[in-house]
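A quick write-up on the structure given underneath.
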Amino acid sequence: MSITLDQITKRYRGAPVVNDVSVDIGDGEFFVLLGPSGSGKSTLLRAIAGLTGVDHGRISLHGRDVTHVAARARGVGLVFQNYALFRHMTVADNIEFALRVRRMRASARRERRRELLRLVALEGMDNRLPVELSGGQQQRVAVARALAHKPEVLLLDEPFGALDAKIREELRRTIREVQRELGITTILVTHDQEEAFALADRIGIMNLGRLLELGRPEDLYARPATRFVATFLGAANLVLAQHTARGICIGGDPVMALGSTTAPGGRDHEVVAVMRPEDIEIAPSRDELRSSFLGLGTVEQLLFVGANERLRVRLNNAASAGHVVTSADSNASEALLEITRTQHDRRNYPVNAGQCVTLGVRRLHVLATPLSSFTACASSAPQAQAISEEPLLVQLATRMKTRVSTRVEPAMQQAATEAAAAPFAGVAVINTDPGAGQTVQWLLQHGAEAVLLLPHNAVSPVRVLIHWLDEPSRRATLAVSASMLRHVSAEAVYIGILADDGEAARPDGLRALLDARSEAQAVHGLEIRTELGYGDVAEELTRRLAEMPEQLLILGVSDISVLTERFAALLSRTASPLLVVWQPGDPPQQA
Amino acid sequence: MAREAVGKGTFSQPSVLPGFGLTFGFTTFFLSAIVLIPLAALVSMAASSNWNAFVHTVLSERALASYRLSFGASAVAASINLVFGFILAWTLVRYDFPGRKFIDALIDLPFALPTAVSGIALTTVFAQTGFLGRYLALAGIKVAYTWIGVTIALTLIGMPFLVRTVQPALAEVQRDLEDAAEILGANRFYIFRRIILPTVLPAMLTGFALAFARGVGEYGSVIFIAGNLPFKTEITPVLIVIRLEEYDYHGAAALGCVMLSISFLGLWAINYLQHWGRRRSTATRR
């Protein structure tokens, strides 16, 4: 491996800017770190270069641990967004800087300089000053300068940021050619997905300091694992759907499209389905559809964009499907699907705004995320409304690009005895109150996959504590934790708790700890820290939550009777948000 | 549209200030009224005395000693400021610490203080019974009423010039440049010598020239701490005042002319040096 990052964490004023990033980059690979501004990608690049220290983790270049090696001794080349050329030196002096530092002979320097200038197509520019060059030429000089000392790794920090479109494309091609010719391992940081697609062998997508997903561009586009990646890479329609035994249902009808897998036995699940705009088909009637039927829709808007036509279509049965989010307007609650089709399709079936059409979908991708939507539940409407406006909930929903609906459920107060009007789906959200234990239990029994207990005005967490009470709930808890952690800028800590007297249980406890960590890593690509506690589980968790307010506890259970017994006190008094995940214990529930 | 834009461009003023003719007129007028004419009067006054008297005044032992002290102490003071003013500016630009703003404001104080006040203050501190002078006396160093005292007074007076000229130049040195140099393998000293220094050197020279010029002309703060012993701690401005008190206007004018010429030569030399330095590092070719 050329570059190995192992659990890199960098904090700024306590909050992680780069959060447990691990990645291996192969020899000669062109790796692109893609993310919105503030996602920590530049900080990570500076850490690899050695300009920023890391708080945790190891960096190896070609098998050499360089975590504590000074930047000048790491053997990397770095190209800055603003070129950072030495303005008082000529192009030649700039390029030879690294060679002069190394006391190379003048003739050897000159030869190397010629070679580099040829590489970046700037022959004969030796005696110019940087101010006499255009932006594109300056950046070429910067690339040549970064390569002068034959670094083993080339790092590029938004190198095209300050250039106009045409120059950008030209320089992009040059950099790709240079990279191929030298076979140098390269990391490029950018916020431009088009750039990433054009250059990358592999893309790593960062958001909120975490490396969310990693893979070849085409794989990430076709099969994103998270909402963020689905909408950040190209346009996408995210639709809430039901994963049932019959298939994926959007608004009642099963859409048996390619890519949908069979539902895991037992309960129906709410899932998030991704449809790319080019995968949605429109036709005059269901018979003429060449793909699986999605529903009927009304054309709202038509837009011509060169080779393609862009349409926005309202899904008529979306009332029950609920929510459509496209990457264009991430917060629109209206169920508008974005569709693109070729001019060829447009000629075959021209449509006008207001026209009713039949929609089909060629490909449908279901996200693995267990957190699909939030439902604010309370026994009265104003209360439910208040919960749905809690800052932390709004923040989570915005980041997850999902919906917060409200639901008034008078039966909630009596709990246990009465049934709900309709089953719940996704995550139910309630306020902390003395009877919370019972309410949580009741909600879980009526279809909610998890319950978020939200104290009033809870703050965004910087630490997420994870604990599951019994083995059956482990998988679901880890999945929910992974999903949650992608959307908050926080560190994950698994708390293993051993009974005080259990000297004998100690090895088991430690094994559980290690298992938890390796499973989180293997299945979800999630780095978690582990800590060991002793004594009663509820007391230990209460104590840890009391340490600071900016925490969130994810608690996995399979036997929900404990919620009203051992955990009643914790649930009713918590000052930190608490997410209860329920994975029903197997045999009795299956029936 | 296009024609209209062209028309507008022709009639609009290229700059917010009125045109070249007017500004150049003001420039010549002010320079003449405030600098050139008084100086010319000085020269003509010196020239109207007889040549022997002129040479006698200007080359007398006492006058020569005073030149040496005036220009020597100014040069030493400006050199001290060159080093420590740079460090001060560096600290103020590069580090953020509690009280930074306060210290920044303190820098300008020597500008605002009447120079006589700083002279008295320095004498109080550095006199043999003074706060610092006491300990220096123990070490056998006598500050007040020696050339060291003169130098200290001139250092104090010149310090803001260095700091204030170097500060903005240092602030302009981009951190990225240092990062780039470091990644290319340069150590800190090399980065300082090859990246930072070339960028701020012109500003440092300007500051040096200003501090030096200010030192040569300084009078108020020096007279108290120097003690004004002829041949020893008498600076040229003091000698000029003494001549004036003796109603020897021609002598005073003659000494003034010498100061004027040496100062002018010195400043011109520094400017030339700066220009030459810039050309050598090729930064003027744009």
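Computed values, structure above
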quantity: Most to least packed among A:445-455, B:47-57 [average Cβ atoms within 10 Å]; calculated: A:445-455, B:47-57
quantity: Calculated FRET efficiency for the pair residue B:187/residue B:61, C-beta based, R₀ 51 Å, to 0.05; calculated: 0.45
quantity: Euclidean distance between Cα centres, the range B:239-270 to the range A:520-535, Å; calculated: 83
quantity: Calculated P(r) tail over 12 Å for the range A:119-166, as whole % of Cα pairs; calculated: 66
quantity: Extension gain (nm, one decimal) between residue A:508 and residue A:27, 0.36 nm per residue minus Cα-Cα; calculated: 169.1 nm
quantity: Given charges at beta-carbon only (K, R positive; D, E negative), |dipole| of chain B in Debye; calculated: 700
quantity: For the range A:385-414 and the range A:459-491, distance of Cα centres in Å; calculated: 19
quantity: Relative contact order for chain B, counting Cα pairs under 8 Å that sit 6 or more residues apart, in percent; calculated: 28
quantity: Tail weight of P(r) past 27 Å, computed on alpha-carbon pairs of the range B:89-215, percent; calculated: 38
quantity: Residue A:105 versus residue B:41: modelled label distance in nm, points set 7 Å from Cα along the beta carbon direction; calculated: 7.0
quantity: Three-way shape call for the range A:163-260 based on the alpha-carbon gyration tensor, with the a/c threshold at 1.5; calculated: prolate
quantity: Cα centroid separation, the range A:102-155 to the range B:15-62 (Å); calculated: 53
quantity: Förster radius 35 Å - calculated FRET efficiency between residue A:182 and residue B:171 (Cβ-Cβ, nearest 0.05); calculated: 0.40
quantity: Compactness of the range A:91-181 - radius of gyration and Dmax, Cα, Å; calculated: 12.8, 40
quantity: Kirkwood-based shape ratio for the range B:51-284, expressed as Rg/Rh from alpha carbons; calculated: 1.05
quantity: For peptides A:187-194, B:132-139, sequence by mean Cβ density within 10 Å, most packed first; calculated: A:187-194, B:132-139
quantity: Dipole magnitude of the protein assembly as shown, debye to nearest 20 (Cβ charges: Lys/Arg +1, Asp/Glu -1, about Cα centre); calculated: 3880
quantity: Convex hull per residue volume in Å³, alpha carbons only, for the protein assembly as shown; calculated: 277
quantity: Computed [θ] at 222 nm, deg cm²/dmol, chain A (DSSP H ≥ 4; -39,500 (n - 2.57); rounded to nearest 500); calculated: -8500 deg cm²/dmol
quantity: Rounded to 5, percent antiparallel among DSSP beta bridges of the protein assembly as shown; calculated: 55
quantity: Exposure proxy ranking, count of Cβ atoms within 10 Å, fewest first, for B:264, B:208, A:30; calculated: B:264, A:30, B:208
quantity: Options A:108, A:83, A:44, ranked by Cα towards positive dipole end of the range A:1-120, top entry (Cβ charges); calculated: A:108
quantity: Principal semi-axes in Å for the range A:336-400 [√(5λ), Cα gyration tensor, largest first]; calculated: 39, 17, 11
quantity: Structure-based [θ]222 nm, chain B - -39500 (n - 2.57) summed over DSSP H runs of at least 4, per residue, nearest 500; calculated: -24000 deg cm²/dmol
quantity: Modelled FRET efficiency - R0 30 Å, residue A:123 with residue A:192, Cβ distances, 0.05 increments; calculated: 0.55
quantity: Charge tally in the Cβ shell below 10 Å around residue A:240, where Lys, Arg are +1 and Asp, Glu are -1, residue A:240 excluded; calculated: 0
quantity: Separation of the residue A:456 and residue A:132 label points, Cα + 7 Å toward Cβ, nm; calculated: 7.1
quantity: Estimated D of the range A:461-568 in µm² per second, where Rh is the Kirkwood radius over Cα pairs and Stokes-Einstein applies at 37 °C, 0.692 mPa s; calculated: 232
quantity: Per-residue average of Cβ from other chains inside 10 Å of A:96-104; calculated: 4
quantity: Relative packing of B:99-111, B:60-72, which averages over residues the other C-beta atoms within 10 Å, highest first; calculated: B:60-72, B:99-111
quantity: Dipole axis of the range B:51-284 (+1 Lys, Arg; -1 Asp, Glu on Cβ), positive-most option in B:95, B:128, B:118; calculated: B:95
quantity: Spatial extent of the range B:175-265: Rg and Dmax, with the Cα atoms as the point set, Å; calculated: 21.9, 68
quantity: Equivalent ellipsoid, the range B:109-151 (semi-axes from 5 times Cα gyration tensor eigenvalues, Å); calculated: 21, 10, 7
quantity: Farthest positive-ward along the protein assembly as shown dipole, Cα basis, beta-carbon charges - from B:70, A:350, A:361; calculated: B:70
quantity: Relative contact order computed over the range B:151-248 (Cα-Cα under 8 Å; 6+ residues apart), in percent; calculated: 37
quantity: Shielding by partners, peptide B:168-178 (average Cβ within 10 angstrom, other chains); calculated: 2
quantity: Projected area averaged over orientations for the range A:42-113, convex hull of C-alpha atoms, nm²; calculated: 6.1
quantity: Gain in span if fully extended, residue A:536 to residue A:304, counting 0.36 nm per residue against the direct Cα distance; calculated: 77.1 nm
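Each value in this text was obtained by applying a stated rule to the coordinates, not by laboratory testing. From a predicted model like this one, the values you see are computed outputs, not experimental measurements. Using ideal geometry, Cβ is built from the backbone for each residue, glycine included, and neighbour counts are taken over all protein chains shown.
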